[in-house]
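Worksheet for the structure shown next.
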Amino acid sequence: MKSTRCPAILLLLVASVAGEAGAQVASPTARSGGVANSFTARARGYEAPFWNPANLGLSERPRLSLGLAGVSGYLNNNSLSYGQISDLYGVFLDDQAKSDLLAEIREGKPDRLFELDFDVGGSVLGVSIGRFAAGLAMIAAGNMKLSSDAVELVLFGNDGEDGSGADLDLEGTDGKAWWMTGAYLAYAQPFTISALDHL
């Protein structure tokens, strides 16, 4: 059986279809991702505007904090699990492995569409000085649909799975994406209510 090196386009596809690879929205630090993004009450300094700007007013905030390029993403597909994808990392794919992948995507339906959804985003730059914070953030999202013949084209090239070079039907293959970049400025001013001093 002939083995071939996994082509670059397949690596891109494999990277794109990892079942779930993170959070649904951007989280500026690994620390916030480490607590499953349950970070609203914990965020301090430059992280606070993303999670809860009121935290800038807390007494235990840092005097100065700086964060660069925190990124997270979410990828989901309708056919392959994360385990199936991770088993392919760093290995050569022979024709049988490619056929198995294609069969998994088709699920017995030659016209089934392979669907991929993604969100990627993060904080490009964040800084806090006392109760002030500013930063630049971005988020991108999109979805893609590939006909099973389009996936076959990616896996086997123009010859197709059976090597006959038959015409492949790309009908239904579609994709769209958007992105947004924004700057933010935040300030928090604490205040006290004398009747609530004991809280």
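The values are calculated or read from the model by the stated rules, or taken from the named source; none is laboratory data. Predicted model, so just to flag it, every value in this text is computed and none were measured. Please note: Cβ atoms are built from the backbone with ideal geometry, for glycine as well, and neighbour counts cover all protein chains shown. When the accessible area is computed, the model is the full protein with side chains, heavy atoms only, and any ligands, DNA or RNA have been set aside. Shrake-Rupley method; radii C 1.70, N 1.55, O 1.52, S 1.80 Å.
Here's the yes/no breakdown for (1) modelled with pLDDT under 75; (2) surrounded by 14 or more Cβ atoms within 10 Å (Cβ to Cβ); (3) under 14 Å from G126 (Cβ atoms):
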| residue | (1), (2), (3) |
| --- | --- |
| C6 | yes, yes, no |
| A23 | yes, yes, no |
| E47 | no, yes, yes |
| L75 | no, yes, no |
| Q84 | no, yes, no |
Within segment 66-111, can you find the residues that are without any contact (Cβ under 8 Å) to a residue 40 or more places away in the chain and assigned to a loop (DSSP other than H, G, I, E, B)? N78, D87, G90, E107, G108, K109, P110
Residues of segment 50-65 that turn out to be modelled with pLDDT of 80 or more and either surrounded by fewer than 16 Cβ atoms within 10 Å (Cβ to Cβ) or in a helix (DSSP H, G or I) (or both), as a count: 11
For segment 121-140, check the following and say yes or no: at least one residue is part of a helix (DSSP H, G or I), open to solvent by 30 Å² or more (accessible area, probe 1.4 Å) and charged (D, E, K, R). no
Take the residues in segment 178-199 that are touching a residue at least 40 places away in the same chain (Cβ under 8 Å) and among the small types (G, A, S); name whichever of them is nearest to F118 (Cα to Cα). G182
Of the residues in segment 148-173, how many are assigned to a loop (DSSP other than H, G, I, E, B) and either over 30 Å from L93 (Cβ atoms) or open to solvent by 90 Å² or more (accessible area, probe 1.4 Å) (or both)? 3
Looking at the structure I just gave you, is K176 closer than 30 Å to L68 by Cα, charged (D, E, K, R) and either open to solvent by 50 Å² or more (accessible area, probe 1.4 Å) or within 19 Å of the chain's Cα centre (by Cα) (or both)? yes
Out of (1) of a type in the set (A, V, I, L, M, F, W, C); (2) surrounded by 12 or more Cβ atoms within 10 Å (Cβ to Cβ); (3) modelled with pLDDT under 85, the odd one out for M144 is which? (3)
